[in-house]
Amino acid sequence: MDDTRNRTVATQTRGMLQLMRPRQWVKNGFVLAPLVFSGLFLDAQSIGNALLAMVLFCVASSATYIVNDLKDIEADRRHPKKSRSRPLASGAVSVPVALAGLVVLYAILIVGWFHMPQVVIVILGYLLMNLAYTFVLKHQPVLDIFTIAIGFVLRVYAGAMALTMPVSGWMFITTLCLALYLAAVKRRQELVSSGSDGRKVLERYSVSLVDRYAEMSATGALVFYSMFVMEARPELVLTVPLVLFGLFRYWYVVEKLDGGESPTDVLLSDWQLLLTVLLWVLACAWAIVSTMA
């Protein structure tokens with residue numbers, strides 16, 4: 001009896017961790033963008049505040065995944081892949097356990113309010129937007145892509161609030177364009193891999209349409225980032241080729257290696273992309289420190 005109970009607990013624990021999707025926490029690295037560009041990455045308190053904001057966003061994003069899976073549990077059970085891969089649909093996690101985990105995550109955010117109220121206000125906006133996405137917006141073409149993209153903008157804004165500093169309008173628009181690019185590519189790959197079976201909204205898209213969305217967004221991201229660098233941070237001009245290479249490489253992975261349905265998986269599995277991101281971070285840090293010396 002004890003062995004059976006222990007196995008059940010272990011299964012539920014593993015399933016709960018899967019339900020929280022820790023691999024997707026990579027996206028919350030956007031919270032650290034203001035820390036890098038402000039030059040405060042050498043200040044211990046600023047680093048601590050930025051990291052705490054990122055942790056709170058990880059908690060919030062995991063909560064949105066749980067809510068989404070609870071909402072879609074019946075549809076996921078009928079899906080040939082999601083019925084096995086999603087913890088709730090497969091039965092690896094029971095609904096009461098998922099609800100209990102959700103309560104714990106929300107409790108962590110409430111505690112976070114007493115430490116970083118401005119950041120948690122931004123996170124509250126993110127949670128409300130994702131509730132709207134889960135129940136309404138993900139079924140609306142174009143709005144679904146913009147909702148995903150705005151989530152990344154809110155991450156950057158939360159990072160700025162953690163440092164109590166304003167954020168350049170260039171950074172906001174660049175982040176929005178980059179996120180629109182990633183979201184459009186994600187929809188493209190979902191269409192290519194499973195047609196409209198994966199999401200109902202995909203019936204109202206076509207590959208050629210989302211290709212144009214992706215191309216427009218990638219161009220915007222590159223142009224706005226370059227303008228931001230030239231106007232506000234000219235010392236970062238050498239990072240522009242890295243951004244251009246990253247966009248090229250990502251599209252190559254999408255077109256030739258059949259990636260892109262999960263931006264996180266692409267980043268973690270493609271060593272050239274991962275190296276490009278690391279080099280970009282190091283180049284930004286080095287250039288900013290050099291101007292401060």
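Tabulated results
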| item | result |
| --- | --- |
| Between helix 240-256 and the chain: long-axis angle, C-alpha atoms, 0 to 90°, nearest 10 | 30 |
| Segment 168-293: relative contact order in percent, alpha carbon pairs under 8 Å with at least 6 residues between | 29 |
| Order of 270, 43 under a 10 Å beta carbon neighbour criterion, fewest first | 43, 270 |
| Helix axis angle, 2-20 relative to the chain longest principal axis, alpha carbon, degrees | 40 |
| Among the listed pairs 27/81; 138/186; 138/256; 186/256; 81/256, those beyond 19 Å (Cα-Cα) | 27/81; 138/256; 81/256 |
| Choice from 247, 128, 102 with maximal GNM fluctuation in the chain (Cα, 10 Å cutoff) | 128 |
| Along each principal axis, Cα extent of segment 15-159, largest first, Å | 50, 33, 22 |
| Cα shape, the chain, gyration tensor, a/c 1.5 rule | oblate |
| Volume per residue that the Cα convex hull of segment 133-291 spans, once the total is divided by residue count, Å³ | 116 |
| Computed helical MRE - 222 nm, the chain, DSSP H runs ≥ 4 contributing -39500 (n - 2.57), nearest 500 | -25500 deg cm²/dmol |
| Label-point gap, in nm, between residue 52 and residue 208 - each point 7 angstrom along Cα→Cβ | 5.4 |
| Sequence ranges 170-176, 271-277, ranked by mean other-Cβ count within 10 angstrom, highest first | 170-176, 271-277 |
| Highest-first arrangement of 55-64, 82-91, where packing means the average Cβ count within 10 Å | 55-64, 82-91 |
| Relative contact order of the chain, defined on C-alpha pairs under 8 angstrom at six or more residues apart (%) | 19 |
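Every number in this text was worked out from the coordinates using simple rules, so none of it is lab data. From a predicted model like this one, the values you see are computed outputs, not experimental measurements. Here the Cβ is made from the backbone with ideal geometry for all residues, glycine too, and neighbour counts use every protein chain on show.
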